[in-house]
Amino acid sequence: QKEVEQDPGPLSVPEGAIVSLNCTYSNSAFQYFMWYRQYSRKGPELLMYTYSSGNKEDGRFTAQVDKSSKYISLFIRDSQPSDSATYLCAMSGDSGGSNYKLTFGKGTLLTVNP
Amino acid sequence: GAGVSQSPSNKVTEKGKDVELRCDPISGHTALYWYRQSLGQGLEFLIYFQGNSAPDKSGLPSDRFSAERTGGSVSTLTIQRTQQEDSAVYLCASSLAPSSSEQYFGPGTRLTVT
């Protein structure tokens, strides 16, 4: 079992739809949870950064972490064509103080159709 | 402000040649990280630099890979005797705080070994 599992998609939705992206993980030491957006041939852009369980909202984006289920989600409301990109989840833990070593999912390719 | 910059953006090299990839972190960021993004593999941690401390090289895949960071700022990743399996996008990230999971990525260098 991989440490982080992410459905690669592709996911295609109409403009204005609510998008739900998810990752599951197996390492209970993970404490920090991130979502990155990566446009084609660009570097990953940090969208959301959360610590431990709970919700965090930033504009149209909401990140949820459920540590008991080892499950994280990113919701995008009122999706726009400009949201079309690959979304990567990433996480890290406090094990041995190396919480800077991010473990990534393989990414979900999202297309928002006008 | 300026983000992380990397050069070159693309590099094509012949098998067996050495290559150097450069990273300029965000001004004021003390920590610098290198990752590799391969097709089908996702992003993998390579190396971490923090100030004058010894780097964490635990992610380097072989002794053909090395990296240095001069003056606590610019970093170069060197791959000696390149192999076709080294073909990937090499991404650099930096963070304001040391050992941080809140990392900001550059655009990457796409390396193709022929």
Exercise for review: Looking only at segment B:61-76, decide whether some residue is closer than 27 Å to B:Ala97 by Cα, within 14 Å of chain A (Cβ to nearest Cβ), surrounded by fewer than 17 Cβ atoms within 10 Å (Cβ to Cβ) and among the aliphatic types (A, V, I, L, M).
Suggested key: no
Review point. What pairs come up if the first residue lies in segment A:1-22 and is over 23 Å from A:Leu102 (Cβ atoms) and surrounded by fewer than 15 Cβ atoms within 10 Å (Cβ to Cβ), the second is at pLDDT 95 or above and aromatic (Phe, Trp, Tyr), and their beta carbons are under 8 Å apart, counting only those six or more places apart or on different chains?
Key: A:Ile18/A:Phe75
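Output the residues belonging to segment B:83-114 that are among the aromatic types (Phe, Trp, Tyr) and more than 18 Å from B:Leu60 (Cα to Cα).
B:Tyr104, B:Phe105
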Review point. Does any residue of segment B:47-67 turn out to be touching a helix residue (DSSP H, G or I) at 6+ places or on another chain (Cβ under 9 Å) and within 30 Å of A:Asp7 (Cβ to Cβ)?
Key: yes
Practice item. State whether the residues of segment A:74-86 include one that is closer than 14 Å to A:Thr108 by Cα and in contact (Cβ under 8 Å) with a residue 60 or more places away in the chain. Key: yes
Revision key, fill the gap. Flagged in segment A:27-44 as open to solvent by 40 Å² or more (accessible area, probe 1.4 Å) and modelled with pLDDT of 95 or more, in numbering order, are A:Tyr39
**Study point:** Those strands (runs of 3 or more DSSP E) lying entirely in segment A:18-114 with at least 1 residues within 12 Å of chain B (Cβ to nearest Cβ) and touching a helix residue (DSSP H, G or I) at 6+ places or on another chain (Cβ under 9 Å)
**Key:** A:30-38
Study note, to complete from the structure: For segment B:10-46 the number of residues that are within 14 Å of chain A (Cβ to nearest Cβ), in a loop (DSSP other than H, G, I, E, B) and surrounded by 12 or more Cβ atoms within 10 Å (Cβ to Cβ) is 4
Check your understanding: Applying the selection to segment B:89-114, what residues are surrounded by fewer than 21 Cβ atoms within 10 Å (Cβ to Cβ), assigned to a strand (DSSP E or B) and more than 11 Å from every other protein chain (Cβ to nearest Cβ)?
Key -> B:Thr112, B:Val113
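The values are calculated or read from the model by the stated rules, or taken from the named source; none is laboratory data. Since we're looking at a predicted model, the values are computed, not measured. All Cβ positions, glycine included, derive from the backbone under ideal geometry; neighbour counts span all protein chains shown. Keep in mind that these areas ignore ligands, DNA and RNA; they rest on the heavy atoms of the full protein, side chains included. Shrake-Rupley method; radii C 1.70, N 1.55, O 1.52, S 1.80 Å.
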